[in-house]
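Take a look at the structure set out below.
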Amino acid sequence: MRVFKWKMALVISAAFTLMLPTTAFARDRIEEISLNFSADLDSGDTWPEMEITPDDDGYMVEDFQFDTDSTAKYPEGTVTLVADDDYYFGTIKRSDCTLSGEGAYFSNVIKDSSRKIRLVVSFREMGDGEVDMPESLVWGETGEISWEPVSGARSYQLRLMRGGKTIDNTTVETAETAYDFSSKITETGTYSVRIRAVSLYNSSVYSEWVTSPGFSVDSARLELIQSSSSNSSSDGSTTVSTQTDNSAITPGQWQWFSSQNAWYWQNPDGTYAYEQWIQTASGWYYTGSDGHLVTGWRWIKGSDGLSRCYYFSTTSDETQGRMYTNATTPDGYTVNSNGAWTVNGTVQIK
């Protein structure tokens, strides 16, 4: 009798199990990814629209974004994939991805969940491999030269010349459409600049060099140029003095806005400072694009068009927002006398 009851219980248990939902056990695992990329270079944007077509079932493209801050040789972008309801992503490796179009090449994969992954892709054949020369080069009164932006250019390389000869054989690079050469104009003479554009889609592709009109510098103009360049360092970063005198202090005062929970720097005329270096008797500070006192790490662009990373105190005391110099930051990184982040003595730039 006991055996019969045990057998009956086993049959009932099995029948009940069969009645349970089986959705959790019916999903199919996605083990391979196949995508085709097509960039619309005539879309009118600096970064073109990208059409992405999956060649397999089970997942869809949710989003795609170019990494516009990348300094890699080729453009990079991240495509977000989402699995359909009856699918999930297994472990995806480079060998599991078939990418085609625009020279697409697997760089990395990030798995957010079983249903969402992000592929980082570089595009090694995007664009036609050509970029136009910069045009409309114009000198400013104190040694700054500017030009019209070139479509499809990621940056510009420049060489300063005097009397038709390159000065110290130095080539500088900037992502801006202007560059201040005032610190390098140290003698009278006629100066010019050779400039070429660097392709947005391949950093080893350049335009032809073009030479600017001549910029005549006599003794009076040289004095004006040297006066205007005295407040900037030669590498475009902010020069920080360890012995701050009153003449170097930025006029104005800090103002606290409780509604914004932030400090602002108010100029003597009542306006506020935005994206501006502030020097006080206690050190250097920086205000962001919203006017707030910056804290923590911040990439800041110098006059040479290159960005350097600085650390500003995050403590809630009188040192809040003060830039670290010649020190190790709380998270273990090194900054030099100008406050710029360094690795083995080399300033990091982007």
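Which of the residues spanning region 177-189 are crowded, with 16+ Cβ neighbours inside 10 Å and of a type in the set (S, T, N, Q)?
Matches in region 177-189: T177, S182, S183.
Would you confirm, using the coordinates I've provided, whether T174 is of a type outside the set (G, A, S) and surrounded by fewer than 19 Cβ atoms within 10 Å (Cβ to Cβ)?
Values: of a type outside the set (G, A, S): yes; surrounded by fewer than 19 Cβ atoms within 10 Å (Cβ to Cβ): no.
When the stated conditions are applied, T174 does not pass them.
Looking at region 316-332, which of its residues are of a type in the set (S, T, Y) and open to solvent by 80 Å² or more (accessible area, probe 1.4 Å)?
Listed by number, the residues that qualify are S316, T328.
What are the residues in region 256-273 that are polar (S, T, N, Q) and surrounded by 12 or more Cβ atoms within 10 Å (Cβ to Cβ), if any?
If the condition is that a residue be polar (S, T, N, Q) and surrounded by 12 or more Cβ atoms within 10 Å (Cβ to Cβ), then Q266, N267 are the ones that fit.
One line per residue, one yes/no per condition, for (1) farther than 20 Å from L306 by Cα; (2) outside any loop (DSSP other than H, G, I, E, B):
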{"site": "T190", "(1), (2)": "yes, yes"}
{"site": "V193", "(1), (2)": "no, yes"}
{"site": "R196", "(1), (2)": "no, yes"}
{"site": "Y201", "(1), (2)": "no, no"}
{"site": "E208", "(1), (2)": "yes, no"}
{"site": "P213", "(1), (2)": "yes, no"}
{"site": "L222", "(1), (2)": "yes, yes"}
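This table checks each residue for (1) at pLDDT 85 or above; (2) more than 24 Å from the chain's Cα centre (by Cα); (3) among the β-branched types (V, I, T).
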site: W265; (1), (2), (3): yes, yes, no
site: Q276; (1), (2), (3): yes, no, no
site: S289; (1), (2), (3): yes, no, no
site: G296; (1), (2), (3): yes, no, no
site: L306; (1), (2), (3): yes, no, no
site: C309; (1), (2), (3): yes, no, no
site: T314; (1), (2), (3): yes, no, yes
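Pick from region 149-170 the residues that are on the phi < 0 side of the Ramachandran plot and assigned to a loop (DSSP other than H, G, I, E, B): which of them is most open to solvent (accessible area, probe 1.4 Å)?
Only one residue tops the list, namely S151.
I'm checking my understanding of the structure. Among residues of region 165-211 that are aromatic (F, W, Y) and at pLDDT 85 or above, which one is farthest from M50 (Cα to Cα)?
For region 165-211, the residue satisfying everything is Y191.
Which of the residues that make up region 250-298 are among the hydrophobic types (A, V, I, L, M, F, W, C), under 15 Å from R322 (Cα atoms) and not in a loop (DSSP other than H, G, I, E, B)?
W254, A262, W263, W265, W277, I278, W284, L293, W297
Does N246 satisfy the criteria of being at positive phi, at pLDDT below 90, of a type in the set (S, T, N, Q) and out of contact with any Lys or Arg (no Cβ under 6 Å at 6 or more places or on another chain)?
Considered against the rule, which asks whether it is at positive phi, at pLDDT below 90, of a type in the set (S, T, N, Q) and out of contact with any Lys or Arg (no Cβ under 6 Å at 6 or more places or on another chain), N246 comes out as no.
Which members of region 274-315 meet the condition of being surrounded by 15 or more Cβ atoms within 10 Å (Cβ to Cβ), in contact (Cβ under 8 Å) with a residue 24 or more places away in the chain and hydroxyl-bearing (S, T, Y)?
Residues satisfying the conditions are T280, Y285, Y286, T295, S303, S307, Y310, Y311.
What tally of residues in region 279-322 results from selecting those that are touching a strand residue (DSSP E or B) at 6+ places or on another chain (Cβ under 7 Å) and within 30 Å of G143 (Cα to Cα)?
Matching residues across region 279-322 total 19.
Out of everything in region 124-148 that is surrounded by 20 or more Cβ atoms within 10 Å (Cβ to Cβ) and not hydrophobic (A, V, I, L, M, F, W, C), what residue ends up being farthest from the chain's Cα centre (by Cα)?
Restricting to residues being surrounded by 20 or more Cβ atoms within 10 Å (Cβ to Cβ) and not hydrophobic (A, V, I, L, M, F, W, C), the top hit is G143.
The values are calculated or read from the model by the stated rules, or taken from the named source; none is laboratory data. Being a predicted model, the structure only gives us computed values, none of them experimental. Using ideal geometry, Cβ is built from the backbone for each residue, glycine included, and neighbour counts are taken over all protein chains shown. Surface accessibility is based on the protein's heavy atoms, side chains included, excluding ligands, DNA and RNA. Shrake-Rupley method; radii C 1.70, N 1.55, O 1.52, S 1.80 Å.
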